[in-house]
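Input: one structure, supplied below.
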Amino acid sequence: MSQKYDSEYKEYACRLVIEEHRTSTDVADELGLSRSTLSRWVKAYKNNTGWASKYAELQQSQPEGQEKVYMTPKDLKEENEELKRMNENYKEELAILKKAMHIFAQNPE
């Protein structure tokens, strides 16, 4: 009996091969798929016209706060970098607020 996979999972597997430049064999072994199945998915994924623009549209249409179901290492790296930038901004804001609180506590007017 064959197993059914949703389109998001198929896209995730294909992106691992295409975007991360990994071999179909490695990804198939990691995900428990047959190499031929994954190769067929990748071929179909590449043959779909406008797959790059479709991916960009999916990223933009994703509701804020909703996490992706499947994230490639590249996605995780980008998200990590964004979170680091946000953390630095929050640290700066906190330092400013602490200084302001200190100033107002010393000069009650």
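The values are calculated or read from the model by the stated rules, or taken from the named source; none is laboratory data. Keep in mind the model is a prediction, meaning the values are calculated, not measured. We place every Cβ from the backbone using ideal geometry, glycine too, and count neighbours over all the protein chains shown.
Would you check which residues across segment 19-32 are on the phi < 0 side of the Ramachandran plot and out of contact with any helix residue (DSSP H, G or I) (no Cβ under 7 Å at 6 or more places or on another chain) and list them?
Taking segment 19-32 and keeping what is on the phi < 0 side of the Ramachandran plot, we get 19-20, 22-31.
Selection gives THR23, ASP26, ASP29, GLU30.
Could you look through segment 16-27, keep only residues that are in a helix (DSSP H, G or I) and surrounded by fewer than 20 Cβ atoms within 10 Å (Cβ to Cβ), and pick out the one that is modelled with the lowest pLDDT? Give the steps one after another, and end with the answer.
Of all residues in segment 16-27, those in a helix (DSSP H, G or I) come to 16-18, 24-27.
Next cut, surrounded by fewer than 20 Cβ atoms within 10 Å (Cβ to Cβ) only: 18, 25-26.
Working: ILE18: 83, THR25: 90, ASP26: 90.
Here the residue is ILE18.
Residue by residue through segment 1-15, note down the ones that are part of a helix (DSSP H, G or I) and either acidic (Asp, Glu) or touching a Cys at 6+ places or on another chain (Cβ under 9 Å) (or both). It would help to see each step written out before you state the result.
Let us first name the residues in segment 1-15 that are part of a helix (DSSP H, G or I), namely 7-15.
Across segment 1-15, the qualifying residues are GLU8, GLU11.
While we're looking at this one, here's another question. Starting from segment 30-44, keep only residues that are in contact (Cβ under 8 Å) with a residue 24 or more places away in the chain and under 14 Å from ILE18 (Cβ atoms), then list their pairs with residues that are surrounded by 12 or more Cβ atoms within 10 Å (Cβ to Cβ) and of a type in the set (S, T, N, Q) whose Cβ atoms are within a distance under 6 Å, requiring at least 6 positions of separation or different chains.
LEU38/SER24
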